[in-house]
Number of protein chains: 2
Amino acid sequence: MTAGPVLIEVTRGPVVESWHQGSAAVVRPDGTVVASWGDIEAEILPRSANKPIQAMALVESGAIERFGLGNEHIALACASHSGEPRHVETVRGWLRKVGLSESDLECGTHPPRLQASIEALAREGAHPTAAYNNCSGKHSGFLTTAVQYGEPTAGYIKYDHPVQQRLRAIMTDLCGADADAFRYGIDGCGIPSLATPLSLLARAMASMAEPSQLSNRHAEAATRIRAAINAEPFMMAGTGRFCTRINQALPGVAQIKTGAEGVFCGMLPTLGLGIAIKMWDGAARAAEVAMATLLAHLGVLPADQRDALLHPPVKNVVGLLVGEMRPAKSWLG
Amino acid sequence: MTAGPVLIEVTRGPVVESWHQGSAAVVRPDGTVVASWGDIEAEILPRSANKPIQAMALVESGAIERFGLGNEHIALACASHSGEPRHVETVRGWLRKVGLSESDLECGTHPPRLQASIEALAREGAHPTAAYNNCSGKHSGFLTTAVQYGEPTAGYIKYDHPVQQRLRAIMTDLCGADADAFRYGIDGCGIPSLATPLSLLARAMASMAEPSQLSNRHAEAATRIRAAINAEPFMMAGTGRFCTRINQALPGVAQIKTGAEGVFCGMLPTLGLGIAIKMWDGAARAAEVAMATLLAHLGVLPADQRDALLHPPVKNVVGLLVGEMRPAKSWLG
């Protein structure tokens, strides 16, 4: 089993009630490892944390200009959104622009993340549709590239479909290894999630953060995607979400994206670095504090946000402070 | 940081995507450790997993007979229920029987667990009340003992209130150590959760499973509680829940209870054993598979349920099987 040190602790009163092990890599575009904790050569499934990488194919296709798409659509292609009205309506409008509809989405349907959205649907007697799926923006981007290249849209989630082949070609260019040789599992939304060594995932992020060594085509796309993430942070996640908060607070400095099962990725253009984190137990709560800790460690987290993000409170049902999450003293605490 | 081996793996395709470390103890009433994995002397917060122990105070008070309460109420006192209509209505009826109402509950309010219940409330334009709190049965039991002994009901969640003092006295008798000396954190529902060595939590469970060494008063209460858990498994949790499923499937053989942050406890009367499990990352999903694995290891899990409970499927949004959870090969897999 892959090893990694305890990165995050969860306390309740005087007791460390739970703790989370992880691996993390901070890497330069040439693959130089600037800092690492735990095994970073182990393969992980990036899940949604590599959506910014996958959005490269959309931006490079020329479809943004052809269909009059904007930052909000690019950010949605990078997003795991909460299914709030603006997310859903923007996805529906996007699909209309490219001559498609929700019925072309192959991501499936799940209830929106936000309690208020679930209740709003229920009050209307309505049911969530595929546009509510947190991955509906990414899938709209996939469909858009198929339309742009005149490919069949059906089956765009399959490993051998040209849409997925392009994603692997881009990953190969960004991480410096042959992504066609990676094993894969099927993600929650049906697409292949490529088993990627953590260090290479961080390198791909670094390549997007500081793309001067990439082709002009890749470099321009990476720059456009970073700008869109900071310009439309709400589209990246939603109300109160960590990705939205950080991408809003650090324009031009950090572009971060969470993934299921405790993955987190980040681009740090001012430092020319990429970050990849995997909490080995799959805990999203710990991946967030670990990302905040690394951002602070690297000096890009505003001082006035350190306490809230490095020591998120654990509250009970009535809102009483009963504990906290924190970086382990044995790590960067 | 407390150590424990990897007990549970989560796979996706060919990859072990995440894994969970834990400690587990199988103990006799006299404290003899029959089997253990990881550190079992470390203190853990039992959270809701010790509700059956706390229900002893209710049954021993005589209030069951005085107020005409039954198995459904005793099971609710042991429960972390899903806030389904029968749970909520039974709690409301219970409070009326003892001359109180929901406003006397100090557990706070949170939305019901079941999506359908959340939607039903929204359609009615209603909001969850304290009775919907998963701990409302336990709190109704606490209030009932205060009424029974003529104590003030206000503040029954405080460490020094007679209600909480009785719980510590019972824990002391069941685990063989002075529970007044235990540290504590505040639980989600506001009561003290006593920091208990895992081996002693298992011993307390064993004492309830095979209570012949306890006082008659304790022994009769433990026997009554075990019977109520098997008689009203729905009240223990709710639709589709692991606790409901197991307590329904193994009448007289096992009485189990989950707790927050990856805790699980069990009584095995036919074997005269108690079980306590703590997943150190706090993962409930792993604690369930670990409990199923121990029940199988101890020979009490029906063969026709082993596959479903030891290898729960990981499905994607459209319901495709994409992986599984399983006991680690290095443990009991």
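The values are calculated or read from the model by the stated rules, or taken from the named source; none is laboratory data. Note that the structure is predicted; figures quoted are calculated from it, not measured. Here the Cβ is made from the backbone with ideal geometry for all residues, glycine too, and neighbour counts use every protein chain on show. Areas reflect the complete protein model, heavy atoms only, side chains present, ligands, DNA and RNA absent. Shrake-Rupley method; radii C 1.70, N 1.55, O 1.52, S 1.80 Å.
Here the peptides A:28-34, B:277-283, A:82-88 are ranked by packing, the mean other Cβ count within 10 Å, and the order with the highest first is B:277-283, A:82-88, A:28-34. Shielding by partners for peptide A:18-31, expressed as the average number of C-beta atoms from other protein chains within 10 Å of each residue's C-beta, is 2.
What total accessible area, in Å², is buried where chains B and A meet, using a 1.4 Å probe and rounding to the nearest 100? Write out the running numbers ahead of the final one.
On the way: alone 13190 and 13210 Å², together 22560 Å².
Buried area (both sides, nearest 100 Å²): 3800 Å².
Positive contributions from Lys and Arg (+1) and negative ones from Asp and Glu (-1), summed over other residues with Cβ under 10 Å from the Cβ of B:S23, come out at -1. Peptide A:255-267 shows a mean partner chain C-beta count of 1 within 10 Å per residue C-beta.
The range A:1-60 has equivalent-ellipsoid semi-axes of 30, 16, 11 Å, by the square roots of 5 times the alpha carbon gyration tensor eigenvalues, sorted largest first. Interface burial in the range B:166-203, defined as at least 30 Å² less accessible area with all protein chains than with the chain alone at a 1.4 Å probe, covers B:R183, B:I186, B:G188.
Rolling a 1.4 Å probe over the protein heavy atoms gives chain A an accessible area of 34 Å² per residue. Legend: distances between Cα atoms for A:K158/A:K278; B:K138/B:K278; A:K158/B:K257; A:K158/A:K257; A:K278/B:K315; A:K97/A:K278; pairs beyond 32 Å are A:K158/B:K257; A:K97/A:K278. Label points for A:R217 are taken 7 Å from Cα along Cα→Cβ. From this copy to the others they lie 8.2 nm apart, shortest first.
Report the per residue volume, in Å³, of the convex hull enclosing the C-alpha atoms of chain A.
127
Computed in the context of the full set of protein chains, the accessible area of chain B at 1.4 Å probe radius has 51% of its extent on carbon or sulfur.
Peptide B:318-326 is shielded by partner chain Cβ atoms: per residue, an average of 3 of them sit within 10 Å of its Cβ. Each Cα pair under 8 Å and six or more residues apart adds its separation to the average, and for the range B:229-296 the resulting relative contact order is 22 percent.
Which order do the peptides B:89-102, B:39-52 come out in when sorted by mean C-beta neighbours inside 10 angstrom, highest first? Provide the component values of the computation, followed by the final result.
Numbers: B:89-102: 17.4, B:39-52: 24.5.
Output ranking for B:89-102, B:39-52: B:39-52, B:89-102.
Considering only A:A126, A:G141, B:V147, the residue lying farthest towards the positive end of the dipole of the protein assembly as shown is A:A126, judged by Cα position with unit charges set on Cβ.
Overall, the protein assembly as shown carries a charge dipole of about 400 debye about its Cα centre when +1 sits on the Cβ of Lys and Arg and -1 on the Cβ of Asp and Glu, all other atoms neutral. Using a 7 Å projection from Cα along Cα-to-Cβ, the label point at A:R306 is separated from the same position in the remaining copies by 5.5 nm, smallest value first. Its DSSP H runs of at least 4 residues, each contributing -39,500 (n - 2.57), put the calculated 222 nm mean residue ellipticity of chain B at -11500 deg cm²/dmol, to the nearest 500. Take every pair of alpha-carbon atoms less than 8 Å apart whose residues are at least six positions apart; their mean separation over the length of chain B yields a relative contact order of 24 percent. Put the Cα centre of the range B:23-89 next to the Cα centre of the range A:284-327 and the gap is 33 Å.
Using a 4.7 Å Cβ-Cβ cutoff, the cysteines of chain A lacking any partner cysteine are A:C78, A:C175, A:C243, A:C265.
A point 7 Å from Cα along Cα→Cβ stands in for A:T32, and the other copies hold the same point at 6.4 nm, listed in rising order.
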